[in-house]
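Read the figures in this text as sums done on the coordinates, not as results from a lab. As the structure is a computational prediction, the values presented were derived from the model and not from experiment. Positions of Cβ are generated from backbone atoms using ideal geometry, with glycine treated the same way; all protein chains shown enter the neighbour counts.
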């Protein structure tokens, strides 16, 4: 029964929240939110395992999919949609699927989450394959749409990760790797867009960022795969080159023009290579700049 779920439990701290002055009401919400990061911290070993496993799938040509319903689905779509502008990944490398389709991003699509076969069908429609990785997201840990997607992914031999906010959940049991931040009862009972949603967003931030770091899209803490497609990004690319190659801004601009990309420009300068030589060395290093720079 749903009343047994942690995400449906009443939070004693907020029982009279509607009768409090606004500042006190917000203080209760803020205090509850501070506990969320600790719930995620306890899951770091599982998150790390997922990052490494997903990165390996992507190195071998696989893709990363998120699937969920409601808030969980929207957060997955959000994280996926931010990978291309942040890391310049191919549009299909990280994909988010939500029960009810794109319409559900803005409107509630009734009963869309109750169909496990639709979860599998949506993966089929995107040519999901054994080499791919799936993160099934469900705060309650029991969403049929997500369970159907996880079952289909496992039947293919794909990597499966279950992200939920309820202990001993069906989603956790259905996945190869279970990530279960127990954010606790919501301030507004059952409103998992709050603490559970925050915990989910924190985990997704770690998964996508960690994977991109492992794949070499980041050097130090700099986005070295940024593409100079507009004035802002050109300026950022030049500043990144200036920082890593330890050259002036004007020299960085020249190197960028000559190399065509941040990583190539840095490697050309630091190892005194031609553009062709730098590009070959990058490819041999799996496009990880740190490895390409090593002797």
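Between residue 251 and residue 103, the modelled labels are 5.9 nm apart [label points 7 Å from Cα along Cα→Cβ]. Pairwise Cα distances in segment 1-61 exceed 12 Å for 78 percent of all pairs. Annotation: for a label point projected 7 angstrom from Cα along Cα→Cβ of residue 124, residues of segment 145-167 with backbone N closer than 15 Å are 148-156.
Helix 231-245 and the longest principal axis of the C-alpha atoms of the chain enclose an angle of approximately 70°.
Dividing the Cα radius of gyration of segment 145-207 by its Kirkwood radius returns 1.01 for Rg/Rh.
May I ask for the distance between the Cα centers of segment 136-155 and segment 209-268, given as a whole number of Å? So the two Cα centres are separated by 39 Å.
Each helix, a run of at least 4 DSSP H residues, gives -39500 (n - 2.57); summed and divided by the residues of the chain, these come to -16500 deg cm²/dmol at 222 nm. For segment 209-279, the percent of C-alpha pairs falling in each 10 Å distance bin, counted from 0 to the bin holding the largest distance, reads 23, 54, 22, 1.
Most simply put, the chain has about 5% antiparallel DSSP beta bridges, counting only bridges with both residues inside it.
Just to confirm the number: angle between the C-alpha axis of helix 44-59 and the first principal axis of the chain, 0 to 90 degrees, nearest 10? The angle comes out near 50 degrees.
Entry for segment 7-214 at q = 0.08 Å⁻¹: log10 I(q)/I(0) = -0.26, Debye formula applied to identical alpha-carbon scatterers, no solvent contribution. Of all the options 225, 168, 30, the one that moves most in a Gaussian network model of the chain with Cα springs shorter than 10 angstrom is 30.
A crude spin-label estimate for the pair residue 131 and residue 258, with each label 7 Å from Cα along the Cβ direction, gives 3.6 nm. Projected over all directions and averaged, the alpha-carbon convex hull of segment 45-130 occupies 6.3 nm².
Under a Gaussian network description of the chain, with springs only between Cα atoms under 10 Å, the residue in 171, 135, 188 that fluctuates furthest is 188. With both labels modelled 7 Å from their Cα along Cα-to-Cβ, the residue 48 to residue 230 distance reads 3.8 nm. For the chain, with a Gaussian network of springs between Cα atoms less than 10 Å apart, report the residue from 215, 64, 20 with the top mean-square fluctuation. Comparing 215, 64, 20 in a Gaussian network model of the chain, the most mobile one is 20.
Note that segment 238-295, at 25 °C in a medium of 0.890 mPa s, gets a Stokes-Einstein diffusion coefficient of 226 µm²/s from its Kirkwood radius over C-alpha pairs. For segment 110-268, with equal point scatterers placed on the C-alpha atoms only and solvent neglected, what are the log10 I(q)/I(0) values from the Debye formula at q = 0.12 1/Å, to two decimals? Rounded to two decimals, the profile gives -0.70. The angle between the Cα long axis of helix 262-271 and the main principal axis of the chain comes to about 40°, on a 0 to 90 degree scale.
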